[in-house]
Amino acid sequence: MVEQTDSTSQICKREDCTLAKDGKCIEGVSVSDCINVQHSELSSGEIEQEPKPTQEPSTTARPIDHQLHPAEELNDEDANAITRDRLTKLIIVAGLPKAGKTTLLVSLYRSLLAGPFANYNFAGSLTLHGWELRGHLSSLVSDQVKPDTERTLGMSYLHLRLKSCNGDGSPQDMLFTDITGERFRDIRDSAQDCREMDLLKRADHFVLVLDGLSLCSQSERHITYHNAEMILNMCVDNYMLGGRSLVDILFTKYDLFKSKESDNEHARFLALIETELRKKYESKLGRLRFFKTAGRENPGENVPLAFGLDKVVPSWVEESPTLIFPSPIRFGHSNLISEFDKFLMKHNPEFVDED
Amino acid sequence: MELQQRQLLIGFPDTGKTTFLAALWHVVQSKQVSDSLITHNLDGDYTYLNKTRDSWLRFESLSRTELRSDEEVCLSLTDPKTGKVAELIVPDTKGEAFNTQWEERSCTKKFYAFAKESAGVLLFINPDRFIEPQWITPQVQDMTRSLRENPTEDNAQSETQRKLLPKWTPESAADAVKIVDILQFVSNDPFDGRQVKLALIISAWDVVGHDYKKPQDWLQMRAPLLHQFLTSNRDRFDYQMFGVSAQGGDYKNVEALLVHERISDRIRVVDERGRVSCNITLPIQWILGESE
């Protein structure tokens, strides 16, 4: 229906609207406010055709819209903005491809969806889309025959805010890195690549994930172990991790290898890994711990979802190198002239900076 | 001088907003419920409210086709005892704008402006249609395996099959996740750090009220993520929960509802203490600061 005027035409999309006859909207709304009315400027005598429906890209913002934050994942700039704004724990989750890094992170999110975890309440997240996307292949809507996790590409951050169920303290912001395993393969192979990963120095916690199921395989266990160790070695040798670094080694996929625990050979191998890594690295790091974890549940083996994370998440929330190892006051070399100063230089050189 | 306060009424589609409005409009017009708010300055177009109320009075569900696509309703209510005035704004009765917020990460500037000027929010949840997370657990795998024609068939899907599987879309997220996102946005942006007075309304309470004594019991059991979020953010959200049955019961058993001489008596509102009343304006009064 078209009403012609000198300079404008008003077309109503509703076929039963009497706009053309009496100029009134059938829904009783003023013509200027009615969403069904189209206004267009026409030259006299021209009749405007109903425009053909076009496919609007769902992500195109209309000019009248106010934009919300993206919610999928954070990049470096977003992450920096959060860390500038409030005290934030940075957890770097490292490991070779298919070790189970993302599945483990998603298990934490899935656990929170069901209730408090490790005595912490979910207090918010700026990356809800990101968590949901990564959990998709484990959900029924994915139509998967069995749960899976999409391979990570590139590098991004996932955000969580947790608050103690005890009510004390403020919520704690946490940033978890979600980094492709290929990146850690590069770090394993190249000192330059290792040194370019500045993030490692800023980590509150460095979490190295080893595929626990591969460690059960006689043909795979040595390569799995030594490749992971090489990552640690490179980080330590290139000063990306050091005396104030809090490092956790997680043997993932416990839901799949628990049944092999009774196998002495497997248990001995895990013990060997722990012994060797402690011997080589414990004195070079701030802390080194070992945990068995599971990113998926296995009720048959009495392994709940996020098994093992309840032991490690509280320290991720509450602890940081800054709290555990407060920075000592440092003195410039040229300022030290008294006998006491010389005593300091001789017995505590770590407190002295070369000018 | 009357204290005037704007309140926003929001919720995803099919969360009971329209039925609530219908019952509310009747209560504030009829003054059948003592201590309820009443209308204030009737100077607008009430065609929509009258239409919805008529359906409510006839025990009829309002069909979605009778709702305009982005219906906006504005209603001014007052407490006759104190003179305080609440201006209730429903920016989108259908609720589809909230899907847009979650999925496309945008809202209209109009909604943003309403929220910026609001002192409180009434957020609706329909427990009868509430979507919870569902995972492929070992039990589910066992079940699907037993239903398959060839139980011994390999579980693995081919690469081709995997490519045909549905990709993730924001729509597939559980409702609690979407609600948390909306509340985070409201608190951070239009409310800009001001504490949000939030009345969380569990609608269709007649459907779940026999299983849960109080509305917070339902929230803790069925929407634990949202429960945790609100518990952890009391500095940002001053909230109260209400279980509301605006219909009073299922319209399939309308005989049970016809017994009430005063039709307002069919309304049920349950507060956090488990107290039951017919005063559907209670959540609005709470935000206004009129009730405990």
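The values are calculated or read from the model by the stated rules, or taken from the named source; none is laboratory data. Bear in mind that the values here come from a model prediction, so they are computed numbers and not experimental data. Cβ sites come from the backbone with ideal geometry, for glycine too, and all protein chains shown count toward neighbours.
Tabulated data
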| read-out | value |
| --- | --- |
| Residue in the stretch A:148-162 that is charged (D, E, K, R), modelled with pLDDT of 95 or more, over 16 Å from the mean Cα position of the chain (by Cα) and closer than 25 Å to A:Asn80 by Cβ present | no |
| Filter result (hydroxyl-bearing (Ser, Thr, Tyr) and either surrounded by fewer than 15 Cβ atoms within 10 Å (Cβ to Cβ) or touching a Ser or Thr at 6+ places or on another chain (Cβ under 8 Å) (or both)) within the stretch A:219-258 | A:Ser219, A:Thr224, A:Tyr239, A:Thr252, A:Tyr254 |
| Sole residue being within 14 Å of chain B (Cβ to nearest Cβ), touching a residue at least 12 places away in the same chain (Cβ under 8 Å) and more than 21 Å from B:Phe229 (Cβ to Cβ), chosen from A:Thr102, A:Thr83 | A:Thr102 |
| Single condition B:Ser76 does not satisfy, out of (1) at pLDDT 90 or above; (2) within 17 Å of B:Ala199 (Cα to Cα) | (2) |
| Number of positions in the stretch A:160-180 that are at negative phi and either surrounded by fewer than 19 Cβ atoms within 10 Å (Cβ to Cβ) or polar (S, T, N, Q) (or both) | 8 |
| Filter result (touching a Leu at 6+ places or on another chain (Cβ under 9 Å) and farther than 30 Å from B:Val140 by Cα) within the stretch A:275-301 | A:Leu277, A:Arg278, A:Lys280, A:Tyr281, A:Glu282, A:Lys284, A:Leu285, A:Gly286, A:Arg287, A:Leu288, A:Arg289, A:Phe290 |
| Residue in the stretch B:164-172 that is closer than 25 Å to B:Gln285 by Cβ and either within 20 Å of the chain's Cα centre (by Cα) or more than 8 Å from chain A (Cβ to nearest Cβ) (or both) present | no |
| Helices (runs of 4 or more DSSP H) wholly inside the stretch A:123-210 containing at least 3 residues that are at the interface with chain B (Cβ under 8 Å from one of its Cβ atoms) and either in contact (Cβ under 8 Å) with a residue 40 or more places away in the chain or in contact with a helix residue (DSSP H, G or I) (Cβ under 6 Å, 6 or more places away or on another chain) (or both) | A:128-135 |
| Those residues of the stretch B:93-147 which are within 11 Å of another protein chain (Cβ to nearest Cβ), farther than 23 Å from B:Thr169 by Cα and within 21 Å of the chain's Cα centre (by Cα), in sequence order | B:Lys110, B:Phe111, B:Tyr112, B:Ala113, B:Ala115, B:Lys116 |
| Residues of the stretch A:262-315 classified as touching an Asp or Glu at 6+ places or on another chain (Cβ under 8 Å) and assigned to a strand (DSSP E or B), total | 8 |
| Residue match in the stretch B:200-213 (condition: in a helix (DSSP H, G or I), farther than 26 Å from B:Arg273 by Cβ and aromatic (Phe, Trp, Tyr)) | no |
| Matching residues in the stretch B:240-280 - criterion: being surrounded by fewer than 16 Cβ atoms within 10 Å (Cβ to Cβ) and among the basic types (Lys, Arg) | B:Lys252, B:Arg262, B:Arg273, B:Arg275 |
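Conditions (1) touching a Gly at 6+ places or on another chain (Cβ under 8 Å); (2) surrounded by 18 or more Cβ atoms within 10 Å (Cβ to Cβ); (3) among the aliphatic types (A, V, I, L, M), marked per residue:
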site	(1), (2), (3)
B:Leu164	no, no, yes
B:Trp168	no, yes, no
B:Lys178	no, yes, no
B:Val186	no, yes, yes
B:Pro190	no, yes, no
B:Arg194	no, no, no
B:Lys197	yes, yes, no
B:Ser203	yes, yes, no
